[in-house]
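To start, the structure itself, in structure tokens.
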Amino acid sequence: MTPRKEVVVIGAGGHAKVVISTLQAAGWQVNAVLDDRPQKWGSEIFGVPVRGPISAALEMPESGAVIAIGDNASRRRLAQELRLRWITAVHPAAVVHASVRLGAGTVVFAGAVIQPDASVGAHVIINTAATVDHDCVLGDFAQLAPGAHLAGEVRIEEGAFLGVGTSVIPGKCVGAWTTVGAGAAVVTDIPGGVVAMGVPARVSILKKKP
Ligand SMILES: CC(C)(COP(=O)(O)OP(=O)(O)OC[C@H]1O[C@@H](n2cnc3c(N)ncnc32)[C@H](O)[C@@H]1OP(=O)(O)O)[C@@H](O)C(=O)NCCC(=O)NCCS
């Protein structure tokens with residue numbers, strides 16, 4: 001039996017607006033938004049009610065679910081805590097080649113392009129107009145902010161965050177849970193667990209791994 005195209009969204013912040021609009025554009029019926037902040041309960045996002053705490057998702061096992069929280073470590077924590085049917089959402093205005101592998105819980109926003117044989121892990125965010133060229137590999141919980149560009153055969157490890165407009169030249173690697181600042185040009189491998197910024201990107205402040 002084909003699973004119903006019904007979904008619950010976890011998180012009611014700004015990122016959730018884009019996730020919900022993406023889901024709706026892709027033909028999903030978004031039944032509820034859940035958030036642990038009581039002040040959000042009773043509000044609506046694009047006609048979808050914010051119904052209550054995240055734990056309420058466990059009472060909707062029939063529904064698909066997606067975590068609409070921009071913080072990579074928070075998405076990992078929730079994905080580990082909640083056993084839900086994580087769905088993958090691709091905006092109809094994104095271009096994703098048929099050979100691309102997309103993990104559960106991953107969202108691809110409008111204007112994004114993912115080229116042949118790229119592999120994208122679970123709960124990844126490919127934000128507005130980001131591009132991923134051929135044979136790139138993105139680990140679980142990674143995130144490309146709007147307009148980030150990966151040339152071919154780039155590796156982005158688990159939980160890494162690439163800020164708005166980052167560019168990465170072919171074959172380079174950004175290590176796990178690293179943050180790359182907006183506008184950076186990555187022209188060398190960047191280790192895990194650091195902050196890197198600038199053109200060319202250099203390691204700046206040491207960051208603790210989650
Ligand atoms: C890199 C980043 C994480 C650093 O954040 P932070 O630790 O709060 O840094 P601060 O704002 O305190 O700035 C520290 C210094 O780094 C510089 N800096 C900050 N971001 C920079 C960037 N992207 N490129 C170059 N320099 C940067 C600041 O000018 C400042 O320099 P100074 O010490 O000479 O004054 C952040 O600035 C950034 O670029 N985030 C990306 C955000 C983004 O793309 N979000 C997308 C959401 S969808």
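For the stretch 23-110, which GluC sites (Glu not before Pro) are in a loop by DSSP, counting at most 13 other Cβ atoms within 10 Å? Walk me through the intermediate numbers first.
Values: sites: 44, 59, 62, 81; in loops: 62.
Taking the stretch 23-110 and a limit of 13 other Cβ atoms within 10 Å, the loop GluC sites (Glu not before Pro) found are 62.
Working from label points 7 Å from Cα in the Cα-to-Cβ sense, the residue 55 to residue 41 distance is 1.1 nm.
The aspartates and glutamates whose alpha-carbon is closer than 17 Å to the alpha-carbon of residue 172, local same-chain residues fewer than 8 away aside, are 117, 133, 135, 153, 157, 158, 189. Note on the chain: Cα Rg divided by 2.2 N^0.38 Å, N the number of residues, gives 1.00. What is the set of long-range amide H partners of residue 164 at a cut-off below 5 Å, with H atoms built 1.01 Å from backbone N? Amide H neighbours of residue 164: 182, 183.
Go ahead and estimate [θ] at 222 nm for the chain from helices alone: -39,500 (n - 2.57) per DSSP H run with n ≥ 4, summed, over the residue count, rounded to 500. Please list the in-between numbers first.
Details: 2 runs with 22 residues, N = 210.
It comes out at -3000 deg cm²/dmol, rounded to the nearest 500.
Of all aspartates and glutamates in the structure, those lying under 19 Å Cα to Cα from residue 40, and not within fewer than 8 positions of it along the same chain, are 71. For the pair residue 77 and residue 99 in one chain, pulling the backbone fully straight at 0.36 nm per residue adds 5.0 nm over the alpha carbon distance. Using Cα atoms only, what is the angle between the long axis of helix 14-25 and the major principal axis of the chain, expressed in degrees (0 to 90) to the nearest 10? So the inclination is approximately 70 degrees.
Only the coordinates and a few stated rules stand behind these numbers; no lab work does. The shown structure was predicted, so the numbers you read here are calculated from the model rather than taken from an experiment. Cβ coordinates were reconstructed from backbone atoms using ideal geometry, including for glycine residues, and neighbour counts include every protein chain displayed.
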